[in-house]
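Worksheet: one structure, shown below.
The values are calculated or read from the model by the stated rules, or taken from the named source; none is laboratory data. These numbers were taken from a predicted model, which means no experiment stands behind them. Please note: Cβ atoms are built from the backbone with ideal geometry, for glycine as well, and neighbour counts cover all protein chains shown.
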């Protein structure tokens, strides 16, 4: 076996390891995204909207979320369903449709809104929402 063959073999092995590491980090990031989306939705469901916004919405978008009515005028989320992730940029930007079932007092009629959430991954910040809040009517 020549030195050239050994070098090529080592190079190929390193490339395979690098590709595996890249795929693993995307999978981990995808799992982190799913956890973030579910935790954000759960917090909305249990009327923890202020904390959810602070944890999961990019700071420049937080005022839009926080100016929503609170207390009696706030939407009361009764259920949610998380849709399929669409990657705009694998591992860093994704769009996820989330169906939110809610009612607004004094009505008891449950309505559904589809919140098309754009999430962006930033090192040190994790996954954060970069899209505007849904309209509850």
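Structure values in brief
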{"read-out": "Those residues of segment 93-107 which are touching a helix residue (DSSP H, G or I) at 6+ places or on another chain (Cβ under 8 Å), modelled with pLDDT of 95 or more and farther than 15 Å from residue 135 by Cα, in sequence order", "value": "94, 96"}
{"read-out": "Leading residue by the ranking (farthest from residue 61 (Cα to Cα)) among those in segment 108-137 that are surrounded by fewer than 17 Cβ atoms within 10 Å (Cβ to Cβ) and in contact with a helix residue (DSSP H, G or I) (Cβ under 7 Å, 6 or more places away or on another chain)", "value": "126"}
{"read-out": "Whichever residue in segment 108-117 is at pLDDT 95 or above and assigned to a loop (DSSP other than H, G, I, E, B) and, among such residues, is nearest to residue 49 (Cα to Cα)", "value": "110"}
{"read-out": "Residues that are within 17 Å of residue 111 (Cβ to Cβ) and either part of a strand (DSSP E or B) or touching a residue at least 12 places away in the same chain (Cβ under 8 Å) (or both), drawn from segment 49-71", "value": "68"}
{"read-out": "Residue in segment 24-45 that is assigned to a loop (DSSP other than H, G, I, E, B) and touching a residue at least 24 places away in the same chain (Cβ under 8 Å) present", "value": "no"}
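Conditions (1) at pLDDT 95 or above; (2) on the phi > 0 side of the Ramachandran plot; (3) within 19 Å of the chain's Cα centre (by Cα), marked per residue:
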| position | (1), (2), (3) |
| --- | --- |
| 16 | no, no, no |
| 20 | no, no, no |
| 28 | no, no, yes |
| 31 | no, no, yes |
| 42 | yes, no, yes |
| 47 | no, yes, yes |
| 52 | yes, no, yes |
| 68 | no, no, no |
| 72 | no, no, no |
